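Please read the structure below before turning to the comments.
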Amino acid sequence: MQETQTYDVIIIGSGPGGYVAAIRSSQLGLRTAIVEKDKLGGICLNWGCIPTKALLRASEIQHLLSESNNFGINVKKFDYDWSKIIARSRQVSDQLSKGVDYLLNKNKVDIIIGEGRISGSGRVIVKNDNKESLYNTSNIILATGARPKIIKGLEHDNKHIWSYKDAMIPEKKPESLLVIGAGAIGIEFASFYNDFGSDVTVIESQNEILPSEDLEISLFAKKCFEQDKIKILTSTTIKNVKSTKFGVEAEFIDKNGEKHKLKYSRAIVAIGIDANIENLGLDTVNIKQDGGIILTDNNNETSEKGIFAIGDLTGAPWLAHKASHEGINAVDYIYNPNRSNKHNKIIPGCTYSRPQIASIGLTEEKAIAKGIKIKKGKFPLLGNGKAISLGYSDGFIKTIFNAETGELIGAHMIGPEVTELISTYCVAMQLEATELDLFNTIFPHPTISESIHESVLDAYDRAIHI
Amino acid sequence: MAVAILMPSLSPTMTEGNLAKWCKNVGDEIKSGDIIAEVETDKATMEIEAIDEGVLEKVLFDDGAEGISVNSLIAVLRNKNDTDKEVKELLDEHNIEEKDLKKTNLNEDITAVNNKSKPQEIIPVEKEKIEEKSIEINANEVSNSSEKVLLEKNFVDDSRIAISPLAKRMAFQNNIDITLITGSGPRGRIIKEDISNFINSNNGLNKYTNTIVKKNIRKKASSMRKVIAERLSYSKKEVPHFYLSIDCNVDDLVKGRELINKDLDSESKISINDIIIKALGMSLSNIPDANCSWDNGEINYFGSVDISVAIAVEGGLFTPILKNVEQLNLREISNKMKDFVSRANSGKLLPKEYEGGNFSLSNLGMFGIDSFSAIINPPQSGILAIGSIIKKPLVINNEIKITSCMTCKLSGDHRVIDGAVGAKLLKEFKSIIENPIKMIV
């Protein structure tokens with residue numbers, strides 16, 4: 001084995017957690033290396049957030065064209081080139097992966113290609129083509145992310161039974177598609193393929209689709225999707241999916257307890273993810289785990305001093321921006337363990353289907369379950385000039401306050417570009433704004449964001465446009 | 001333009017001040033904030049701080065000059081660009097001619113002229129400034145005016161406090177004084193969690209009992225306090241104190257006083273304290289070994305008996321000096337003391353009346369204190385601490401008798417007074433106190 005350099009920080013995994021941590025670390029003057037066994041940028045850039053957004057942009061344009069005559073624009077005939085749609089998605093990913101490479105180099109982060117693992121405290125071994133190199137480092141940040149969960153009877157075959165990765169690069173659009181799991185990933189694919197004309201069925205074992213969202217949002221989303229001809233089967237338990245010669249055969253039990261056996265061209269299994277904690281050398285050090293995730297403290301430090309874990313490794317929500325934030329949190333702590341930067345870690349969530357869904361904080365149900373006395377406001381986009389002008393006024397914005405303190409405890413939105421609007425609430429919650437601060441904020445007109453203002457006002461029965 | 005430095009008015013009662021000493025010489029560069037001079041006022045000695053910069057061009061009084069009217073020109077500060085003419089103009093403005101630099105008071109006319117001129121602002125260092133800035137509070141948050149008053153009262157500090165809107169509201173709702181809370185957010189910002197933790201650590205006390213947590217208040221110490229702190233700290237550190245205590249039977253003294261006061265109007269009555277002063281003065285005169293002071297390896301035996309008598313006033317105490325007590329009769333002592341007490345309380349004692357002295361007397365009898373050990377006021381050699389007169393059983397001629405008893409405790413500077421000398425002094429004092437007829441002699 002070859003022993004090489006010594007670092008202040010070695011980060012294993014270059015996803016949105018790892019590469020952001022690496023850049024921050026280098027910015028702080030720490031000697032930093034990042035280990036990646038595949039492409040820079042991890043799942044997010046290569047097989048997750050980014051390529052799916054490229055795909056969804058295509059389906060959105062497809063949809064807009066389909067209703068262009070509503071705007072007085074007659075498109076005589078339009079068509080799509082499936083392979084080009086897929087290729088564009090890949091190109092976007094490549095572009096961003098190269099961007100990460102550029103940023104890491106610019107920030108003088110050493111990029112070590114290979115599979116990294118801990119080899120006792122302060123030691124990282126990187127394996128590349130059967131060659132192993134040992135690196136000494138004061139700190140290790142584990143950022144190896146997660147992979148699709150595999151459940152017996154629902155194993156992907158990568159041909160007919162897809163993981164999200166397969167669903168991003170099919171050679172052709174499936175005639176019919178079964179989406180198993182109505183979380184964000186499943187719903188985005190359902191929306192994408194439905195807009196391109198696949199016959200889409202979504203199966204969800206829980207009572208509602210997007211089960212982590214506010215109930216009103218889930219119900220409204222279901223209504224929208226059903227209007228667009230997506231079949232939605234909630235409270236439905238999938239028994240198994242079998243790959244057949246031309247497609248798949250799925251067995252499930254619906255909410256009335258009736259058994260069904262139906263055929264589809266393809267199936268996507270989107271039922272959650274498992275953290276990549278294997279082959280990380282965790283057994284060479286004392287790192288506490290619980291149910292497949294690594295336990296960390298407020299500084300993202302594991303039970304082994306000097307070893308940190310961020311992102312999907314530390315559990316839900318499995319979101320890129322959570323990973324990035326934790327990466328910076330860990331590095332800032334490494335740089336200055338005495339920093340005082342306690343802040344709220346409230347993680348927004350976005351689903352980029354049509355309509356889009358975005359949320360932060362507690363749902364109404366969870367707030368009530370916690371015993372909080374709430375005030376809630378809701379503003380339908382039908383009352384918003386910009387949304388009507390866009391020809392897209394399906395949706396609403398809901399805001400939840402603690403009735404006693406005026407604390408903003410949750411916001412939930414569905415409609416056009418709400419994934420861009422949610423940041424307003426993110427900032428407000430981070431700064432611990434109360435309803436008064438939001439009342440006093442001047443929102444630009446005409447924007448959909450005015451609906452945020454109205455929603456807040458409505459919570460105190462002061463809405464103007466309802 | 002040349003800057004006029006005027007005798008500052010440092011208290012409402014001050015009409016004139018003494019120039020204790022100059023801290024800068026003519027020709028010195030003065031920077032803003034420099035101490036230019038020390039001024040003795042009716043209460044204390046204070047420093048004059050410069051606001052402007054320049055060169056000390058002229059001083060109009062020498063060190064020790066007394067009775068300078070407030071707002072009189074005392075010095076001239078010359079700026080870099082000032083011409084001689086400008087300096088002269090300023091002096092002219094104050095009716096002062098070059099040759100006319102006086103060492104004593106300027107007359108009333110000059111004071112009057114001063115009022116027309118633009119006086120140099122002088123910040124007396126002693127001036128207490130407790131600025132209370134309230135944090136900006138959105139009026140909307142406050143539902144009624146009484147709440148608002150409470151809010152503003154609680155949200156005071158001399159600096160801006162970083163606090164989130166939510167934390168601020170929670171603090172208000174729970175009557176929490178945010179100055180008591182250390183923020184844990186970015187740059188010490190107080191966040192919701194800090195308030196929650198505070199409430200929890202106080203067991204919800206604030207929320208349910210509506211108790212307002214009183215905050216600590218920091219004030220600048222008055223110059224009187226500073227002097228007390230400095231001198232007494234020095235004394236306890238440097239002066240080897242020893243203590244001797246004695247009980248005096250004051251039956252005869254009490255009786256004697258009654259006789260003296262019998263036909264006197266209330267204003268002329270002689271107090272127990274007056275008698276004690278007289279007795280101490282006589283004792284010191286009779287035991288001259290105790291009337292001395294340690295002075296840098298020499299012992300200074302005082303020719304006269306000058307007793308500093310502690311008078312408590314609001315915020316501190318004065319120790320005006322009765323000089324030549326051994327030559328004063330009770331009436332004289334009593335009159336002087338009445339004058340001292342009255343002027344101490346109105347802040348009109350002159351520094352020369354309380355600076356110096358050979359020995360101190362402190363009487364806390366009127367406050368019900370049985371006995372106490374006092375701290376010597378350097379460079380004096382001792383202080384006698386008098387307790388209250390209480391009835392005690394005393395064995396006299398093998399018989400128990402109820403007597404009026406007063407405990408007197410001497411604190412002595414062991415560098416100059418040994419135990420035996422101190423004992424001699426106390427014995428003499430006791431003999432005079434118990435036989436007040438001796439005071440006639």
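FYI, it's all coordinate maths here, none of it is from the lab. Worth saying up front: this structure is predicted, and the values here are computed from it rather than measured. Counting neighbours? That spans all protein chains shown, and the Cβs are built from the backbone with ideal geometry, glycine included.
Note the per residue figure in Å³ for the convex hull of the C-alpha positions in the range A:96-138.
Spelled out: Cα convex hull of the range A:96-138, divided by residues, is 85 Å³.
For a quick check: sort B:K80, A:K370, B:K424 by the number of other beta carbons within 10 angstrom, fewest at the front. Mind showing how you got there, number by number?
Values: B:K80 7, A:K370 11, B:K424 17.
Ordered from fewest to most neighbouring Cβ atoms within 10 Å, B:K80, A:K370, B:K424 come out as B:K80, A:K370, B:K424.
Within 14 Å, Cβ to Cβ, of A:A22, how many net charges do the neighbouring residues add up to if Lys/Arg are +1 and Asp/Glu are -1? Present the calculation step by step, with values, prior to reporting the outcome.
Working: positive: A:R24, A:R31, A:K106, A:K108; negative: A:D8, A:E36, A:D101, A:D110, A:E326, A:D332.
Taking every Cβ under 14 Å from that of A:A22, the sum is -2.
Assuming 1.306 mPa s and 10 °C, estimate D for the range A:1-153 with Stokes-Einstein, Rh taken as the Kirkwood radius over Cα pairs, in µm²/s.
90
Give me the dipole magnitude in Debye, nearest 20, for chain A about the Cα centre, with unit charges on the beta carbon: positive for Lys and Arg, negative for Asp and Glu.
Details: 53 positive and 57 negative charges, 167 e Å.
Value, rounded to 20: 800 debye.
Can you sort A:I357, A:I112 so the residue with the fewest Cβ neighbours within 10 Å comes first?
Working: A:I357 29, A:I112 23.
Ascending Cβ contact count within 10 Å gives the list A:I112, A:I357.
Specify which residue in the list B:L244, B:Y234, B:I260 is farthest towards the positive end of the charge dipole of the range B:230-300, using unit charges on the beta carbon of Lys, Arg (+1) and Asp, Glu (-1), about the Cα centre.
B:Y234
Where the centroid of each part is defined by its Cα atoms, how far is the range A:171-216 from the range A:308-376 in Å?
25
With a cut-off of 8 Å between alpha carbons and a minimum separation of six or more residues, what is the relative contact order of the range A:210-304 in percent?
On the way: 90 pairs, mean separation 12.8, N = 95.
This gives 13 percent for the range A:210-304.
Taking N as the number of residues in the range A:161-271, what is its alpha-carbon radius of gyration divided by 2.2 N^0.38 Å? Can you show the working numbers first?
Details: Rg = 13.0 Å, N = 111, 2.2 N^0.38 = 13.2 Å.
Relative to the 2.2 N^0.38 Å estimate, the range A:161-271 comes out at 0.99.
Quick one, can you get me the convex hull of the C-alpha atoms of the range A:198-260 expressed as volume per residue in Å³? Before the final figure, lay out each step's value.
Numbers: hull volume 5.7 nm³, N = 63.
Per residue, the Cα convex hull of the range A:198-260 comes to 91 Å³.
When you look at the Cβ of every residue in B:162-169, what mean number of other chain Cβ atoms sits within 10 Å? Don't jump to the answer; show the numbers that get you there.
Numbers: counts 0, 1, 8, 12, 12, 4, 2, 8.
What the average comes to for B:162-169 is 6.
Relative contact order of the range A:309-466: what whole-number percent is it, with Cα pairs under 8 angstrom and at least 6 residues apart?
On the way: 278 pairs, mean separation 36.3, N = 158.
Computed value for the range A:309-466: 23 percent relative contact order.
Summarise the partner chain shielding of A:428-438 as one whole number: the mean count of Cβ atoms from other chains within 10 Å of each residue's Cβ.
Values: counts 1, 1, 4, 6, 15, 3, 9, 3, 5, 4, 1.
Going residue by residue through A:428-438 and averaging, the value is 5.
With charges set only on the Cβ (+1 for Lys and Arg, -1 for Asp and Glu), what does the dipole of the protein assembly as shown come to about its Cα centre, in debye to the nearest 20?
2860
Within 10 Å of each residue's Cβ, count the other Cβ atoms and sort A:E278, A:E171, B:E49 from fewest upward. Walk me through the numbers before you get to the answer.
Values: A:E278 11, A:E171 7, B:E49 17.
Sorted ascending by nearby Cβ count, the order is A:E171, A:E278, B:E49.
Convert 37 °C to kelvin, take the viscosity as 0.692 mPa s, use the Kirkwood radius over C-alpha pairs of the range B:182-322 as Rh, and evaluate the Stokes-Einstein diffusion coefficient in µm²/s, rounded to a whole number.
Numbers: Rh = 21.8 Å.
Translational diffusion coefficient: 151 µm²/s.
Hey, what's the Kirkwood Rh for chain A if you take every pair of different alpha carbons, in angstrom? Write out the running numbers ahead of the final one.
Working: mean 1/r = 0.0419 Å⁻¹.
Computed over Cα pairs of chain A, the Kirkwood hydrodynamic radius comes out at 23.8 Å.
In percent, what relative contact order does the range B:223-440 have, based on Cα pairs under 8 Å that are 6 or more apart in sequence? Present the calculation step by step, with values, prior to reporting the outcome.
Values: 419 pairs, mean separation 66.0, N = 218.
The normalised contact order for the range B:223-440 reaches 30 percent.
Quick one: work out Rg over Rh on the C-alpha atoms of the protein assembly as shown, Rh as Kirkwood radius. If you can, show how the numbers build up before the last one.
Values: Rg = 44.1 Å, Rh = 36.5 Å.
My calculation of the ratio gives 1.21.
Within 10 Å of each Cβ in peptide B:170-181, how many partner chain Cβ atoms are there on average? Round it to a whole number, please.
Working: counts 7, 0, 1, 3, 1, 0, 0, 0, 0, 0, 0, 0.
Taking all residues of B:170-181 together, the mean is 1.
For the range A:322-443, what is the charge dipole size about the Cα centre, in debye to the nearest 20, if Lys and Arg each add +1 at the Cβ and Asp and Glu each add -1 at the Cβ?
200
In the structure displayed, which of B:K192/B:K219; A:K152/A:K305; B:K85/B:K352; A:K165/A:K398; A:K149/A:K222; B:K262/B:K338 lie more than 28 Å apart, Cα to Cα?
Values: B:K192/B:K219 30 Å; A:K152/A:K305 37 Å; B:K85/B:K352 40 Å; A:K165/A:K398 33 Å; A:K149/A:K222 25 Å; B:K262/B:K338 19 Å.
Correct reply: B:K192/B:K219; A:K152/A:K305; B:K85/B:K352; A:K165/A:K398.
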